[in-house]
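Chemist: For reference, the structure I am asking about is given below.
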Amino acid sequence: MSEMIAHPPKDPVPFWDPERDEVLVCRQVRDETHDVRTFVFTAPQPRLFSYAPGQFMTLTVMIDGQEVNRCYTISSSPTRPDKLEITIKRVPGGQVSNWLHDNLRPGMEVRALGPMGDFTCGPTPARKLLFLSGGSGITPMMSMSRALCDTMVGADILFVHAARSPQDRIFRHELAVLEQVNPDFRVVTLCEHDSPAARWDGYRGRLSAAALELAVPDFREREVFCCGPAPFMAAVRDILRDGGFDMARHHEESFDFGTLVAQEPEIIQAMDELEAAQFNVAFTKSQREISCGADTPVLSAARAAGMRLPASCAKGMCGTCKCRLVSGTVEMKHDGGIRQREIDRGMILLCCAKPTSDLVIER
C-alpha cells in the first residue's frame, strides 16, 4: 500500500470500452448457495468498469461447437470498479448457466459485451426505495444496494426478497452486514418452506398483498424495483396495482425468454403482415425460409412463422440474436448490442433488423 501511495501509476487505468474490449478473465468462483455462484472477472489488461447498478453483460461461450450468447445481470457495484461480478443460478435446462457452473474456472476467458440496460435506480435515486426480488432476481438489486450503501446517499431502502427456503437465500450474510451498518437499509425475507437442515421463523409463504402491507406499510410512498421469475413479477404488478400504487414508479427487469416472446408487440403485427410480406428470408443452418415485411423485424417474422431463435431483450441491446448476414441488406437501429466492427463484418441483430431486400442469414 505504501509503495502505491509513494509511487502512483504514471498512466491512469483506462475504462473498459465495449468497442475495443471483449474478453473477461475469470478470477474467482464463489458459492452463494447450493445452486448459485458468483463469477468474478477482470479484463486481461488493467481496466476499470463503469456501469449503472442494475445493468447487465452479454456473455458469449462455445458449447458443443456452437457460439451461444446470454445476458446476465451484474451483481457487483460500480463503486468498486476494478472487477466485475456476475451471479448466476443453475437452472434445469439452462444451457449457458449450467455450462458456466460446470466449466468456468479461474484463469479461463469468456467474451463479453456491455454493460447495457436501463433498469437502474440511477445516480440520483428516489428518497424512499423498495426492492422486490424473487430467487436469482436479487442480483440487480444487490448491485444497487451495494452502490447506494457505498456512496451513502441517505436513501431509505427496504429490500424484500422471496426465496424458496432458508438454504436458497442468496447474499444472506452480506445483506445482514449491510443492514447492520446502514441504519436506513432494511431487509425482509420470505421463505415458502423450511429446508431440511434449517427451520424458517420469519415471514413464510409467497409474497401477497397482506404480506406486503405488513412488511412495508408505506410501500405506496416508495419507488419500486422488481426482478424475478415471470410469475413473481406478475404477482407484484397485481399487488401494487390493486393496492393503489402509482405504477409510474414501478420498474422491472426480466430475462425470461418465454415472457419476452409473449411481450414482443411486433409479433402480432408480423403475423398479420406475413401474407403481404415483400421479402424472402432464408436461414442457412435451419434450412427454413420465411417471408418478412419491410416494416417488420426479422426476429418477429421468424417467431410468427414458428421458429424458435435465441433472443433476450428484443430491443437491440443484448446481442443474443446476433448472426451473420450472408447476403441482402437490412435497415437496423440497435441500442448498443452490436459493435460497429461487427456490423462492418456483416453481423446483424435479428430483433431490430428490417429487410430492404431478400436475405440469406447464417442461422
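The values are calculated or read from the model by the stated rules, or taken from the named source; none is laboratory data. These numbers were taken from a predicted model, which means no experiment stands behind them. In this analysis, Cβ positions are derived from the backbone assuming ideal geometry, glycine residues included, and neighbour counts consider all displayed protein chains. The accessibility values were calculated without ligands, DNA or RNA, using every heavy atom of the protein model including side chains. Shrake-Rupley method; radii C 1.70, N 1.55, O 1.52, S 1.80 Å.
Chemist: Does the range 216-232 hold any residues that are modelled with pLDDT of 95 or more and either aliphatic (A, V, I, L, M) or out of contact with any strand residue (DSSP E or B) (no Cβ under 9 Å at 6 or more places or on another chain) (or both), and which are they?
Modeler: Listed by number, the residues that qualify are VAL216, PRO217, ARG220, VAL224.
Chemist: In the range 348-362, which residues are of a type outside the set (Ser, Thr, Tyr) and either open to solvent by less than 40 Å² (accessible area, probe 1.4 Å) or farther than 20 Å from ARG288 by Cβ (or both)?
Modeler: Our first condition is that a residue be of a type outside the set (Ser, Thr, Tyr); within the range 348-362, this holds for 348-355, 358-362.
Correct list: ILE348, LEU349, LEU350, CYS351, CYS352, ALA353, PRO355, LEU359, ILE361.
Chemist: Only one of ILE170, ILE157 is modelled with pLDDT of 95 or more and either exposed (fewer than 15 other Cβ atoms within 10 Å of the Cβ) or within 17 Å of ARG30 (Cα to Cα) (or both). Can you tell me which?
Modeler: Working: ILE157 fails: either exposed (fewer than 15 other Cβ atoms within 10 Å of the Cβ) or within 17 Å of ARG30 (Cα to Cα) (or both).
Matching residue, one of ILE170, ILE157: ILE170.
Chemist: GLU22 is checked against (1) at pLDDT 95 or above; (2) under 19 Å from the mean Cα position of the chain (by Cα) and fails just one. What number does that condition carry?
Modeler: It fails just one condition, (1).
Chemist: I would also like to ask the following. How many residues does the range 95-116 hold that are assigned to a loop (DSSP other than H, G, I, E, B), of a type outside the set (A, V, I, L, M, F, W, C) and closer than 17 Å to ASP31 by Cβ?
Modeler: The first filter runs over the range 95-116 and keeps only residues assigned to a loop (DSSP other than H, G, I, E, B), leaving 104-108.
Pick out the ones that are also of a type outside the set (A, V, I, L, M, F, W, C) and you get 105-107.
Keeping just the survivors that are closer than 17 Å to ASP31 by Cβ gives 105-106.
Looking only at that region, the number is 2.
Chemist: Of the conditions (1) open to solvent by less than 30 Å² (accessible area, probe 1.4 Å); (2) more than 22 Å from ALA126 (Cβ to Cβ), LEU240 satisfies every one except a single condition; which number is it?
Modeler: LEU240 satisfies all of (1) open to solvent by less than 30 Å² (accessible area, probe 1.4 Å); (2) more than 22 Å from ALA126 (Cβ to Cβ) except (2).
Chemist: Please determine, by comparing only the residues of the range 189-214 that are buried (at least 18 other Cβ atoms within 10 Å of the Cβ) and aliphatic (A, V, I, L, M), which one is nearest to ILE157 (Cα to Cα).
Modeler: LEU212
Chemist: Check the range 67-89 and report whether any residue there is surrounded by fewer than 16 Cβ atoms within 10 Å (Cβ to Cβ), over 16 Å from the mean Cα position of the chain (by Cα) and within 23 Å of GLU342 (Cα to Cα).
Modeler: The first filter runs over the range 67-89 and keeps only residues surrounded by fewer than 16 Cβ atoms within 10 Å (Cβ to Cβ), leaving 67-68, 79-80, 82.
Filter once more, keeping what is over 16 Å from the mean Cα position of the chain (by Cα): 67, 79-80, 82.
Filter once more, so that each one left must be within 23 Å of GLU342 (Cα to Cα): 67.
There is at least one residue in the range 67-89 that is surrounded by fewer than 16 Cβ atoms within 10 Å (Cβ to Cβ), over 16 Å from the mean Cα position of the chain (by Cα) and within 23 Å of GLU342 (Cα to Cα).
Chemist: Let me ask something additional. Any residue in the range 29-47 that is of a type in the set (S, T, N, Q), open to solvent by 10 Å² or more (accessible area, probe 1.4 Å) and at pLDDT below 90? Quick ask: steps written out before the conclusion?
Modeler: So the first thing to find is which residues in the range 29-47 are of a type in the set (S, T, N, Q), and the list is 33, 38, 42, 45.
Those still in the list that are open to solvent by 10 Å² or more (accessible area, probe 1.4 Å) too: 33, 42, 45.
Checking the rest, the ones that are also at pLDDT below 90 come to none.
Within the range 29-47, not a single residue is of a type in the set (S, T, N, Q), open to solvent by 10 Å² or more (accessible area, probe 1.4 Å) and at pLDDT below 90.
Chemist: Here is a further query. Filter the range 308-347 down to the residues that are among the polar types (S, T, N, Q) and either touching a Ser or Thr at 6+ places or on another chain (Cβ under 8 Å) or open to solvent by less than 10 Å² (accessible area, probe 1.4 Å) (or both) and list them by number.
Modeler: Of all residues in the range 308-347, those among the polar types (S, T, N, Q) come to 312, 320, 327, 329, 340.
Result: SER312, THR320, THR329.
Chemist: I'd like the full set of residues that are open to solvent by 10 Å² or more (accessible area, probe 1.4 Å) and closer than 27 Å to PRO125 by Cα, limited to the range 48-66.
Modeler: Here is the first cut: in the range 48-66, the ones open to solvent by 10 Å² or more (accessible area, probe 1.4 Å) are 48, 50-53, 55, 60, 62-66.
Of everything in the range 48-66, those that are open to solvent by 10 Å² or more (accessible area, probe 1.4 Å) and closer than 27 Å to PRO125 by Cα turn out to be LEU48, SER50, TYR51, ALA52, PRO53, GLN55.
Chemist: Among ARG339, ARG288, ARG324, ARG303, which is the only one that is within 26 Å of VAL23 (Cβ to Cβ), charged (D, E, K, R) and over 21 Å from the mean Cα position of the chain (by Cα)?
Modeler: On the way: ARG339 fails: over 21 Å from the mean Cα position of the chain (by Cα); ARG288 fails: within 26 Å of VAL23 (Cβ to Cβ); ARG303 fails: within 26 Å of VAL23 (Cβ to Cβ).
Within the list ARG339, ARG288, ARG324, ARG303, the selection yields ARG324.
Chemist: Here's another thing I want to ask about it. Given the options PRO81, PRO92, PRO46, name the one that is touching a strand residue (DSSP E or B) at 6+ places or on another chain (Cβ under 9 Å) and not β-branched (Val, Ile, Thr).
Modeler: On the way: PRO92 fails: touching a strand residue (DSSP E or B) at 6+ places or on another chain (Cβ under 9 Å); PRO46 fails: touching a strand residue (DSSP E or B) at 6+ places or on another chain (Cβ under 9 Å).
After ruling out the rest, the residue left standing is PRO81.
Chemist: Let me ask you something else. Quick check on the range 66-73. Is at least one of its residues out of contact with any Lys or Arg (no Cβ under 8 Å at 6 or more places or on another chain) and modelled with pLDDT of 90 or more?
Modeler: Our first condition is that a residue be out of contact with any Lys or Arg (no Cβ under 8 Å at 6 or more places or on another chain); within the range 66-73, this holds for 66-68, 70-73.
Keeping just the survivors that are modelled with pLDDT of 90 or more gives 72-73.
The answer is yes; a qualifying residue exists.
Chemist: Just the residues that are open to solvent by 20 Å² or more (accessible area, probe 1.4 Å) and at pLDDT 90 or above, please, taken from the range 92-114. Steps first, please.
Modeler: Residues of the range 92-114 that are open to solvent by 20 Å² or more (accessible area, probe 1.4 Å), as a first pass: 92-93, 95, 98-99, 102-103, 105-109, 111.
Correct list: ASN98, TRP99, ASP102, ASN103, ARG105, PRO106, GLY107, MET108, GLU109, ARG111.
Chemist: In addition: Within the range 122-141, how many residues turn out to be touching a strand residue (DSSP E or B) at 6+ places or on another chain (Cβ under 6 Å) and either surrounded by fewer than 20 Cβ atoms within 10 Å (Cβ to Cβ) or assigned to a helix (DSSP H, G or I) (or both)? Explain how you work it out, then say what you get.
Modeler: We begin by selecting, within the range 122-141, every residue touching a strand residue (DSSP E or B) at 6+ places or on another chain (Cβ under 6 Å); these are 126, 128-134, 136-141.
Going one step further and asking which of them are either surrounded by fewer than 20 Cβ atoms within 10 Å (Cβ to Cβ) or assigned to a helix (DSSP H, G or I) (or both), we end up with 126, 128, 136-141.
Residues in the range 122-141 being touching a strand residue (DSSP E or B) at 6+ places or on another chain (Cβ under 6 Å) and either surrounded by fewer than 20 Cβ atoms within 10 Å (Cβ to Cβ) or assigned to a helix (DSSP H, G or I) (or both): 8 in total.
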